[in-house]
Each structure stands twice: as structure tokens, then as C-alpha cells.
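A short write-up of the structure that comes next.
The values are calculated or read from the model by the stated rules, or taken from the named source; none is laboratory data. Just so you know, these numbers come straight off a predicted model, no measurement behind them. SASA here: full protein model, heavy atoms, side chains in, ligands and nucleic acids out. Shrake-Rupley method; radii C 1.70, N 1.55, O 1.52, S 1.80 Å.
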Amino acid sequence: NEIKPKVDMVVGLAAQGRREPEVLPTGKEDEGLAEVMNGVMKHFRTKLKIARKEVEVFDDVVKGGRGFLHFHLDDENPFKPELEVTKINPRSVWVDPESTAYDLSDAAYMFVDKWLRREEIWTRFPQLFPNPDGLGMPEGMEEFFNPRLRSGS
């Protein structure tokens, strides 16, 4: 009962401190590039409202050991894609168990699993489900997607 309040205090202190990442030049020739990169990072951290998500990821790291932010393009409007950032639930991330590097640079694979709605499956994999208005699933596929049918209940 004493550990959780202390861990919550550490996360709260991190939320109050809100330190911003900074790019440091390695030599005199890199100073201009580092200044530009710092400006770009500050712009996108402000535009995407990353600070709160960074605190949530820090909370995951402190309590569970790993946390992930996913930067991606939202392609809902293909003519004007927008950069977005989402926090990934660390329990949905599968990492190579042979990896020993903290930054996962030696990992052979890392993937995220996600349950999809039926409409999302039809949109992403039309070759598997050619007729979404009909029965919806090829023979035998309903059993694969429904855990209650697999257990026999």
C-alpha cells in the first residue's frame, strides 16, 4: 500500500515538470541543423498536443516497463492528410523476446495487435469479404472471428 502513492507522486512530478526534448549539436557544423530541428519539434509538439500523451506514456513506463507513441498520417481525407500521434496500449504490443537492447534496436520484430470492427475488415481486406451486404463471412470464417463459437458454447 506504500508503493502506489509513491509511483503516482513520481508521475505527478513528471506531469508538473513537463520537460521538452532538445536536439544537441555534435559539433560546430551541426548547430544550424540542430536549431532547425528544435524549432520543428517544438512546432509539432504544440500542434499535436503531445505533452499530455507523453505523460500518459511515462505513466505506462513507470508502472509497466514500456510505453509507446505512434506517429502516423490520418488518411481520412486523402487530399489533405494530417499528422497525428496516438498512445498505444503497451499490452497490445508484441516485441521480440530475444531483444535485449533498451531501445529495441536489436529486435527482429515488433507489432501491435488490434481488434477491428466488421466494417473496418471489409474496407481493409475486400478480397476476403467480397459481399459485405450478404452473409458477410466466407464459410468457416465466422468461427475464426467469434471466440464464443470456438469454445463450443
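Amide H contacts of F68: I88, each under 5 Å away and 5 or more positions distant or on a separate chain (H built 1.01 Å from N in the peptide plane; Pro and chain starts excluded).
Surface exposure of region 1-113, expressed per residue as accessible area with a 1.4 Å probe, stands at 80 Å².
Projected over every direction and averaged, the convex hull enclosing the alpha-carbon atoms of region 1-102 yields 10.2 nm². A straight Cα-to-Cα reach below 12 Å connects K53 with the aspartates and glutamates E84, residues fewer than 8 places away in its own chain not being considered.
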